[in-house]
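Here is the structure we will look at, set down as structure tokens.
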């Protein structure tokens, strides 16, 4: 524990690179790809990394989502990731992230999907396939992600 400011930081450290990895994954997607497809793939890769095989990933995810202090830190991280994703979306779409609402809104929608999938997967003790959950969530939000452009 001596390398971390708190016990919460030890667990949250496991999520330290998720935002950067999401941005890198989004940047690697084909330029003309619809935002919903690019974001679905980005979220799927991140969910897959967090919901890895074995019980350890499940238990850590459950601990983060069930502990108020850890969940608060997780949400703080998600807010940081939202900025990174919004910047990449703006770049991909030729929008200004400081004046256009779409990149920030789309990033937050994608991160809400990420959280919802992890919540459902962990609440079911890992019984549901995270990829299938991601696809189900994006089937609901894809029309909004692809319909809203600029503004």
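Values quoted throughout were computed directly from the atomic coordinates according to the rules given, and no laboratory measurement underlies them. Because the structure is a prediction, the values reported are computed rather than measured. Please note: Cβ atoms are built from the backbone with ideal geometry, for glycine as well, and neighbour counts cover all protein chains shown.
Considering only C-alpha atoms, what is the centroid distance from the range 86-151 to the range 1-71, in Å?
Each part reduced to its Cα centre gives a spacing of 14 Å.
In whole angstrom, how long is each semi-axis of the equivalent ellipsoid of the chain, when you take the square root of 5 times every eigenvalue of its Cα gyration tensor and sort them from largest down?
Details: eigenvalues 144, 65, 30 Å².
Result for the chain: semi-axes of 27, 18, 12 Å.
What nm value, rounded to one decimal, do you get for the distance between residue 20 and residue 5 when each label is placed 7 Å out toward the C-beta?
With each label point 7 Å from Cα toward Cβ, the separation is 1.8 nm.
Show that you can apply the helix-only estimate: for the chain, add -39,500 (n - 2.57) for every DSSP H stretch of four or more residues, divide by all residues, and state [θ] at 222 nm to the nearest 500.
-24500 deg cm²/dmol
Only Cα pairs under 8 Å and at least 6 apart count here; give the relative contact order of the chain as a rounded whole percent.
On the way: 153 pairs, mean separation 45.1, N = 151.
Result for the chain is 30 percent.
When a footprinting reagent is the concern and you count Cβ atoms within 10 Å, what order do 91, 13, 41 take, fewest first?
Listing 91, 13, 41 from fewest to most nearby Cβ atoms yields 13, 91, 41.
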